[in-house]
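Q: Here it is, the structure, as structure tokens.
The values are calculated or read from the model by the stated rules, or taken from the named source; none is laboratory data. Being a predicted model, the structure only gives us computed values, none of them experimental. FYI the Cβ positions are ideal-geometry reconstructions off the backbone, even for glycines, and counts take in every protein chain you see. The area values use the complete protein model at the heavy-atom level, side chains included, leaving out ligands, DNA and RNA. Shrake-Rupley method; radii C 1.70, N 1.55, O 1.52, S 1.80 Å.
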Amino acid sequence: MRPDREQGTTSAQSRRPYGPGVQIAGLAAFLVASLLVAALGGLASASNVNGWYATADKAPWSPPNGVFGPVWGILYAAMAVAGWLVWRKRAERTRAALTAYGIQLLLNLAWTPAFFALYPALGTAALWLGMAIILALIAAVTVTVLYFGPISRTAGLLLLPYISWLVFAASLNWWAAVHN
């Protein structure tokens, strides 16, 4: 055995594909994680969407509130499938890729309370905090795509609409921060 392969390298045997039951459980875990982030974000925004945000100065290109839920639902499902596709490959860089995925999920979770729930207490500062978080989130998802792509092209492609939506959401966040 070569010295550079003695530690930290997974043997070929442990890289065998997961069985169908494990793959289904893995997909379920990724879906539950996305659902949890979505639900916690929903709790943070629920009372504020019809509260301060209803009367806020919104960007002229802001879609109706009813658009956000379905779009985010599709994006969370795509994120879960992308994470699962990478996890099931058991590639050499899977751990780093899933770490980036976890970081972007945490940033995603942080944005909603910063933008919606903190505004009544902090005012415009909360919106600027949201702006900083969403910019970090865009960077984190971009890094995640760069990790995912070589492992699973489909997984990387599944995250591209997410980045596009985040850039759009950042423009809405910026407008709100400047005009409220």
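Q: Going through the stretch 88-110 one residue at a time, which ones are without any contact (Cβ under 8 Å) to a residue 40 or more places away in the chain and of a type outside the set (A, V, I, L, M)?
A: Once the filter is applied, which keeps residues that are without any contact (Cβ under 8 Å) to a residue 40 or more places away in the chain and of a type outside the set (A, V, I, L, M), the stretch 88-110 yields ARG95, THR99, GLY102.
Q: So, one more: If a residue must be more than 16 Å from the chain's Cα centre (by Cα) and either modelled with pLDDT under 95 or not in a helix (DSSP H, G or I) (or both), how many such residues does the stretch 28-43 contain?
A: Total satisfying the criteria: 1.
Q: What helices (runs of 4 or more DSSP H) lie completely within the stretch 68-176 and have 1 or more residues being out of contact with any Gly (no Cβ under 7 Å at 6 or more places or on another chain) and open to solvent by less than 20 Å² (accessible area, probe 1.4 Å)?
A: The helices (runs of 4 or more DSSP H) meeting that bar are 94-112, 124-151, 153-158.
Q: Something else: Quick check on the stretch 47-58. Is at least one of its residues under 30 Å from HIS179 (Cα atoms), at pLDDT below 90, open to solvent by 60 Å² or more (accessible area, probe 1.4 Å) and assigned to a loop (DSSP other than H, G, I, E, B)?
A: yes
Q: Also: For ALA125, are the conditions met, namely being touching a residue at least 12 places away in the same chain (Cβ under 8 Å) and farther than 17 Å from GLY41 by Cβ?
A: no
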